[in-house]
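Just so it is clear, none of the values below were taken in a lab; they were calculated from the coordinates. Just so it is clear, the structure is predicted and the values come from calculations on it, not from any experiment. Every residue, glycine as well, gets a Cβ built from its backbone with ideal geometry; the counts of neighbours run over all protein chains shown.
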Amino acid sequence: MDRVLLIDKPAGRTSHDLVAQVRRAVGGPRKGPGVVRVGHAGTLDPFATGLLIVLTGRATKAQSLFMGLRKRYEVEARFGAVSSTGDTEGEISETGVLPPRPLVLPTGLVRQRPPVYSAVKIDGERAYARARRGEEVDMPEREVTVYRFDEQPGDRFVIECSSGTYVRSLVADLGDAYCTALRRTAIGPFDVSAAIKPEDLEGAIPLGDALARFLPVVVLDGVAVDRAAHGVAVEAATGLGDGAVLLRDEAGPIALAEPRGDGLLKPVVGFRS
């Protein structure tokens, strides 16, 4: 049950809805011994569509790694109007103000302020909950990376960006504009074209295979397998870089490890316990 599901979220459904659908497909108890954990690796707004990664079993232990992958979006925008939420679900105000062309599309490091109607927590509460009560919400700026921002015909855009980027804010920063459609087409090496139905557990990707698509892999054998499974550092191969490494053997993933300065790999997240 340690799987990674690629799901194409339709408009109108929440990320939580699809996680619940996968949880029903997994079955088993909801609480107590034998429960299989299910979670997602990066939410999509209800109006948005596209790739949602859902994790089951011990794959949830690697949630932060999947969430940290860069994202690709296809976006449609409307100019000459603004939305209170940055999309079609907000209060629309017609301004008639159109930005000069060609548009200035930002790339590289970008400072942005998330929309007040977002899931960012302010003092322990979601910003959108405060905004819906009519409270003033001071959203702190954050620094994100925009790798690609290409304009397409018909006020359409392709955006590749780091985790934590609010595409609605990027569009609003172009002028008087808001998103009329937002579709996530890729997360790291995973593409929406490979999406399956939420109940199709057989079509899910085994955890080790999914991690191997974007992490260096070190295959262990003998006593090193037992050492790594118990959190004991093992010898590192050369040229692994300074990021996370997947330790595995013929049976599958053993642990995620981090390189240490003494030439060893220290397991930090175990998959065998």
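Observations on the structure shown:
- Charge tally for Leu69 (other residues, Cβ to Cβ under 14 Å; Lys, Arg +1; Asp, Glu -1): +3.
- Placing R0 at 45 angstrom, the Cβ-Cβ distance between Ala181 and Glu258 gives a FRET efficiency of 0.70 after rounding to 0.05.
- Fewest-first sequence of Ile196, Ile53 by Cβ atoms within 10 Å of each Cβ: Ile196, Ile53
- Degrees separating the helix 15-26 axis from the principal Cα axis of the chain, which is the longest one: 30
- Efficiency of FRET between His230 and Val35 - r from beta-carbon atoms, R0 25 angstrom, step 0.05: 0.55
- The modelled label-to-label distance between Asp155 and Glu199, using points 7 Å beyond Cα along the C-beta direction, is 4.0 nm.
- Within the chain, helix-based [θ] at 222 nm, where runs of 4 or more DSSP H residues each add -39,500 (n - 2.57), nearest 500: -3500 deg cm²/dmol
- Max-minus-min Cα coordinates of the chain on each principal axis give 70, 43, 38 Å, with the largest extent listed first.
- Charged neighbours of Glu258, selected by a Cβ distance under 10 Å, balance to +1 (K, R count +1; D, E count -1).
- Gain on full stretching of the segment that runs from Thr145 to Asp191 - 0.36 nm per residue minus C-alpha separation: 14.6 nm
- Estimated FRET transfer efficiency when R0 is 25 angstrom, pair Ala11-Met67 (beta carbons, to 0.05): 0.65
- Exposure proxy ranking for Val232, Val38, Val144, based on other Cβ atoms within 10 angstrom of each Cβ and starting from the fewest, stands as Val232, Val144, Val38.
- Spatially proximal lysines relative to Lys61 (Cα-Cα < 19 Å; intrachain offsets below 8 disregarded): Lys31, Lys266
- Mean separation of Cα contacts under 8 Å (6+ apart) over length of the stretch 216-273, as relative contact order %: 36
- Inter-centroid distance (Cα atoms) of the stretch 1-80 relative to the stretch 158-214, Å: 11
- Label zone at Arg111, where the point sits 7 Å out along the Cα-to-Cβ direction: the stretch 141-164 residues whose backbone N lies under 12 Å: 141-144
- Computed about the Cα centre, the dipole magnitude for the chain is approximately 660 debye when only Lys and Arg (+1) and Asp and Glu (-1) carry charge, each at its Cβ.
- Straight-distance candidates among the aspartates and glutamates for linking to Lys197, with alpha-carbon spacing under 12 Å and chain neighbours fewer than 8 residues away dropped: Asp8.
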